[in-house]
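Please read the structure below before turning to the comments.
Just so it is clear, none of the values below were taken in a lab; they were calculated from the coordinates. Here the structure is a predicted model, which is why all the values come from computation and not from measurement. Cβ: placed from backbone, ideal geometry, glycine included. Neighbour counts: every protein chain shown.
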Amino acid sequence: MPQLINQVLHNRYRIQSLLGHQIGRSTFLATDLPTGLSVVIKLLLFGPDFTWDDLKLFEREVEVLKYLDSPAIPKYLDCFEVETELGKGFALVQNYIEAKSLQDWVESGRTFNQEELKTIAKELLKILNCLHSQKPPIVHRDIKPSNILLGNRSGNSLGQIYLIDFGSVQTVEHNGTRTIVGTYGYMPPEQFGGQTIPASDFYALGATIIYLATGKHPSDLPQKEMRIIFEHKVNLNPAFINWLKWMTEPSLEQRLSSTQKALEVLNNPRTEINLASREPKGSKIKL
């Protein structure tokens, strides 16, 4: 996309650099000329790779960001039609967040101790609570290290956590054709079949923490009965390991079902250990 560098869109936004590219979508860093502020522009062009599913997801992302209000989520600023030398399309403008992704931090050599991992998990659960408590609930569907930003340390603070890229977002009551989106290794089994509920985001969150703890992509770790086997690669206490197992449970019936319960168990190790060893569903055995 070098053709678009330095071009001005909508008589206002000057493209500075390419931040990322996926089939059908490109993301740019730009300058808002009237204010001088940096912004992020997501561009959807009607090209050879374009599909109508791309447009549906783009429109849904715009509508969701318009009414979400959280300092940990990109703010909607503008949306307009564009016509470039590469074709026609649509542009979504969001505020620019100056922070590196968790994937970039890990690839640069940064490691995270158990307390830092717990802090990241708690902050993400708070963001998910904001999404899942909407009516209807909003499921992100693509939580992964590259979609989570972490700001620089401030004193004893780990840094601000942000969740970005709502291009795969879906409302639970969404009807019509099911679009399978997500990233292999972070997608729960039900998502491969096009089914997503709030608990689907928990699996992706748990897999993300496992990546931070091991430095390995979840799909590169061994599996047994569809469960990620990671215990031998981490230095974490049993309670936290059990919590991660519960978050990444392949079965929806066995996985944690709400942000409140996930936070409760994470904050109370005794509860975590007890719940991790609960009796099988329907069993007459009482623990």
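Over what distance in Å are the Cα centres of region 21-84 and region 211-270 separated? With region 21-84 and region 211-270 each reduced to a Cα centre, they are spaced 33 Å.
Under the rule that an exposed site lies in a DSSP loop and has at most 11 other Cβ atoms within 10 Å, name the longest stretch of the chain with no trypsin sites (Lys or Arg not before Pro) of that kind, not counting the sites themselves.
Working: sites that count: ARG153, ARG278, LYS281, LYS284, LYS286.
Longest gap between qualifying sites, sites excluded: 1-152.
Considering only HIS140, HIS217, HIS21, the mean-square fluctuation computed in a Gaussian network model of the chain, springs between alpha carbons under 10 angstrom, is largest for HIS21. Once the dipole of the chain is set up with Lys and Arg at +1 and Asp and Glu at -1 on Cβ about the Cα centre, which of GLY193, SER70, THR248 lies farthest towards its positive end? Selected residue: THR248.
Do you know the relative contact order of region 1-160, to the nearest whole percent, from alpha carbon pairs under 8 angstrom that are 6+ apart? Before the final figure, lay out the partial values.
Details: 218 pairs, mean separation 25.1, N = 160.
Relative contact order for region 1-160 comes out at 16 percent.
For the chain, the relative contact order is 12 percent, taking Cα pairs closer than 8 Å that sit 6 or more residues apart in sequence and dividing their mean separation by the residue count. For LYS122, give me every one of the aspartates and glutamates with a C-alpha distance below 13 angstrom, ignoring sequence neighbours fewer than eight places off in its own chain. In chain and number order, the partners are GLU264.
Of the GluC sites (Glu not before Pro) found in region 98-129, those that fall in a DSSP loop while having at most 11 other beta-carbon atoms within 10 Å are GLU98.
Between 0 and 90 degrees, the angle of helix 114-132 with respect to the longest Cα principal axis of the chain falls at about 60 degrees.
A cut-off under 12 angstrom between Cβ atoms defines the neighbours of ASP165, and their net charge, with Lys, Arg +1 and Asp, Glu -1, is +2.
Fully extending the segment from MET226 to TYR67, taken as 0.36 nm per residue of separation minus the present Cα-Cα distance, adds 53.6 nm.
In straight-distance terms, cross-link reach from LYS224 covers every one of the lysines whose alpha-carbon lies under 18 Å from its own, apart from those fewer than eight places away in the same chain; here that gives LYS216, LYS233, LYS245. Our estimate of slack between PHE50 and GLN3, defined as 0.36 nm per intervening residue step minus the Cα-Cα distance, is 15.0 nm. Coupling constants for region 209-217 follow from the phi torsions by the Karplus curve (6.51 cos²θ - 1.76 cosθ + 1.60, θ = phi - 60°), and in residue order they are 5, 4, 4, 5, 6, 9, x, 10, 4 Hz; glycine and proline get x. Between 0 and 90 degrees, the angle of helix 238-247 with respect to the longest Cα principal axis of the chain falls at about 50 degrees.
Between LEU86, LEU212, LEU266, the Gaussian network model of the chain with springs among Cα atoms under 10 angstrom shows the greatest mean-square fluctuation at LEU86. Binning the C-alpha pair distances of region 29-117 at 10 Å intervals from 0 yields a P(r) profile of 14, 34, 31, 17, 4 %, listed from the shortest bin outward. Size descriptor for region 132-258, Kirkwood hydrodynamic radius: 15.4 Å (Cα pairs only, one decimal). For the chain, the mean residue ellipticity at 222 nm estimated from helices alone is -9500 deg cm²/dmol, where every DSSP H run of n ≥ 4 contributes -39500 (n - 2.57) and the total is divided by all residues, rounded to the nearest 500.
Share of Cα-Cα pairs in region 1-156 beyond 21 Å, in percent?
Numbers: 6297 of 12090 pairs.
Result for the distance tail: 52 percent.
Residue separation times 0.36 nm, minus the C-alpha to C-alpha distance between SER157 and ASN267: what's the value?
Working: separation 110, 0.36 × 110 = 39.60 nm, distance 1.82 nm.
37.8 nm is the gain from fully extending SER157 to ASN267.
For helix 52-67, report the angle its Cα long axis makes with the longest principal axis of the Cα atoms of the chain; keep it between 0 and 90° and round to the nearest 10°. Between the helix axis and the principal axis of the chain, the angle is about 80 degrees. Out of PRO198, PRO189, PRO71, any idea which swings most in a Gaussian network model of the chain, alpha carbons joined below 10 Å? Among PRO198, PRO189, PRO71, the largest GNM mean-square fluctuation belongs to PRO71.
Rounding to the nearest 20 debye, state how big the charge dipole of the chain is about its Cα centre with +1 on each Lys and Arg Cβ and -1 on each Asp and Glu Cβ. The partial results should precede the final answer.
On the way: 31 positive and 31 negative charges, 184 e Å.
Using only the charged Cβ atoms, the result is roughly 880 debye.
Cross-link partners for LYS42 among the lysines, with Cα-Cα distance under 27 Å and sequence neighbours closer than 8 places in the same chain left out: LYS56, LYS66, LYS75, LYS88, LYS100, LYS126, LYS135, LYS144.
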